[in-house]
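Undergrad: Sharing a structure, written as C-alpha cells. Questions coming.
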DNA sequence: CGTCTATTTGAATGTACTCAAAAGCGGTGG
DNA sequence: CCACCGCTTTTGAGTACATTCAAATAGACG
C-alpha cells in the first residue's frame, strides 16, 4: 500500500509520531476501482471518507428533472465523500464514481472515532481540512452568483489547468453549472477571439 | 453579560466542567452595535468570530460591478465571521454589519488558540460546527444550480419563516442571488396564484 | 471497422436582468 | 399631528445570458 502521499498530506497540518502514523495506517482500507464504477450511490449510507492515491473521482447529485450536477472532482491527494451522510449515517444525496481507474484509501466512521480518541491531533487535522473546504465552497457559491458562465470557465481553467485536459467537457460543464452545449459555444467563442 | 445562550449552544455538542465554562467565558468580549454599524469591513483583518445574543447581522461581499451579495444572516444563537480572514489573518473579502441593533460575544484568534490548548474538546466543537456549515453551504450551492429563483424563494420561506417578516426584501433577494425587482415580481405572481 | 459516447452547430425559447419611473412606507422635524 | 424626505417595493418595457431540442460531426474504445 502506498502510504507516503497520505502521511505527507496529514503532516502538512499536524505532527505525528511513528507510532501514531502506524496506528493511523492500520485503520485504512485500500481499494482499486475501474472507470465508471461506483464508490457510493445516493440513498445508501456513506460509510467511508475516500482519499485518492491515483486516478480521478467525481461526486454528483441528480436533481428532480433527472439532471446530473457535479459537486466535486477528486484526483491524487484529495479527499472525497458525502460528509452529511458520513457523519450522521443517513442516506447519501451524492453519488461518487470513477472517471478513470482509481486507487483510494478508505477511512470508516468507527475508525475515525477511534482516531479522535487515541490521537486527538486528528480532530485538528479534520477541522482544518473541513475549514478549507468550507471556504472554497463559499467562494464557489459567490462566483456562481456574481460571475457569468464565461468568467467561471476562465477561472476554472486558470485554477485547475490540469483538469482542462484530463476531464471530459460534459463533466466540466456540469461542475460549472451550465449545459455542455453552452460550454461548447463558449469555447468556440473564446477560440475565435485568440 | 448573558452567557446562558452560548453555553447552551456549546453544550449541545460537547460537555464542559464548570471550570472550563468559566475559562471559556473569560475569553469572550461583549459588544453592542446599532443598526447599519460595521463589525468588519472588507480588506481589514477579521480578528473575531461573532456569536449573536440578540439582533441580526449580515455578511456580504461587493462584486466587480459594485453589487452587494449577502452571504449569511445571523440572528440569535448563530455564529458569523469571515473564516478565511480569521484563520489566515489575511484581508477579509466579507463585510459584516447590523440589520438591527445587535449584541454579540466576540472570540479572538489568540483566545481560540488558548482554548484549543487548554480545553481540546473545543477543537471538536468547532470541527462539528464548521462541518455543519460546510454541508449547508454545499446544499445551498446545489440549489442555486438546480432550482429556479421561484423554488429557492419558496424553500427559503419554508426553511426560515421568521426571516420573511424580519428582513427587508432587498436583503432576501441578495441572499437568493436575484434582483429585488425580480423578487417583487415573483411575490406578485405567487400572491396571484393564491 | 463499427458502435457508442462526446462535442459541435443552430434555431427557438425562457428565465432573470437592466433601466426608468411610480407608488408605498417609515421616520423625523416642524 | 401632519408634511416631507429618503428608502424600499412595485410595475413595465426592452434585453441578455443561458437552456432546450434536434441533428450533424467527431472521437474513443472494443
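Undergrad: Looking at the range A:63-78 only, could you name the residues that are surrounded by fewer than 19 Cβ atoms within 10 Å (Cβ to Cβ) and either more than 27 Å from residue A:165 (Cβ to Cβ) or away from chain B (no Cβ under 14 Å) (or both)?
TA: Passing the criteria: A:63, A:64, A:65, A:66, A:76, A:77, A:78.
Undergrad: Would the range B:19-39 turn up any residue that is under 30 Å from residue B:173 (Cβ atoms), modelled with pLDDT of 95 or more and not in a strand (DSSP E or B)?
TA: No, the range B:19-39 contains no residue that is under 30 Å from residue B:173 (Cβ atoms), modelled with pLDDT of 95 or more and not in a strand (DSSP E or B).
Undergrad: Take the range B:137-150 and flag every residue that is more than 9 Å from chain A (Cβ to nearest Cβ) and touching a helix residue (DSSP H, G or I) at 6+ places or on another chain (Cβ under 9 Å).
TA: Let us first name the residues in the range B:137-150 that are more than 9 Å from chain A (Cβ to nearest Cβ), namely B:143, B:148-150.
Answer for the range B:137-150, where residues must be more than 9 Å from chain A (Cβ to nearest Cβ) and touching a helix residue (DSSP H, G or I) at 6+ places or on another chain (Cβ under 9 Å): B:143, B:149, B:150.
Undergrad: Just to confirm my filter: which helices (runs of 4 or more DSSP H) fall fully inside the range A:136-194 and include at least 3 residues that are within 11 Å of DNA strand D (Cβ to nearest atom)?
TA: Those helices (runs of 4 or more DSSP H) span A:149-159, A:169-176, A:180-193.
Undergrad: Of (1) at the interface with chain B (Cβ under 10 Å from one of its Cβ atoms); (2) over 10 Å from the mean Cα position of the chain (by Cα); (3) assigned to a strand (DSSP E or B), residue A:84 satisfies all except one. Which?
TA: Of everything listed in (1) at the interface with chain B (Cβ under 10 Å from one of its Cβ atoms); (2) over 10 Å from the mean Cα position of the chain (by Cα); (3) assigned to a strand (DSSP E or B), residue A:84 misses just condition (3).
Undergrad: Output the number of residues of the range B:117-131 satisfying the condition of being surrounded by fewer than 17 Cβ atoms within 10 Å (Cβ to Cβ) and without any contact (Cβ under 8 Å) to a residue 24 or more places away in the chain.
TA: Residues flagged as surrounded by fewer than 17 Cβ atoms within 10 Å (Cβ to Cβ) and without any contact (Cβ under 8 Å) to a residue 24 or more places away in the chain within the range B:117-131 amount to 2.
Undergrad: Among the residues of the range B:102-116, write down those that are surrounded by fewer than 19 Cβ atoms within 10 Å (Cβ to Cβ) and under 16 Å from residue B:51 (Cβ atoms).
TA: B:103, B:106, B:108, B:109, B:111, B:112
Undergrad: Here is a follow-up. If a residue must be surrounded by 13 or more Cβ atoms within 10 Å (Cβ to Cβ), more than 9 Å from DNA strand C (Cβ to nearest atom) and away from every other protein chain (no Cβ under 14 Å), how many such residues does the range A:160-194 contain?
TA: Total satisfying the criteria: 5.
Undergrad: Restrict the check to the range A:118-129 and report whether at least one residue is touching a helix residue (DSSP H, G or I) at 6+ places or on another chain (Cβ under 6 Å), facing chain B (nearest Cβ under 7 Å) and closer than 28 Å to residue A:63 by Cα.
TA: For the range A:118-129, residues touching a helix residue (DSSP H, G or I) at 6+ places or on another chain (Cβ under 6 Å), facing chain B (nearest Cβ under 7 Å) and closer than 28 Å to residue A:63 by Cα: absent.
Undergrad: Another question about this same structure. Answer yes or no: is there a residue in the range A:53-69 that is closer than 30 Å to residue B:120 by Cβ and touching a residue at least 12 places away in the same chain (Cβ under 8 Å).
TA: Within the range A:53-69 (the criterion being closer than 30 Å to residue B:120 by Cβ and touching a residue at least 12 places away in the same chain (Cβ under 8 Å)), the answer is no, since none of the residues qualifies.
Undergrad: Within the range A:144-159, which residues are within 23 Å of residue B:139 (Cα to Cα) and surrounded by 14 or more Cβ atoms within 10 Å (Cβ to Cβ)?
TA: Within the range A:144-159, A:144, A:145, A:146, A:147, A:149, A:152, A:153, A:155, A:156 meet the criteria.
The values are calculated or read from the model by the stated rules, or taken from the named source; none is laboratory data. Everything numeric in this text was worked out from a predicted model, so none of it was measured. With ideal geometry, Cβ positions are generated from the backbone for all residues, glycine too; neighbour counts draw on all protein chains shown.
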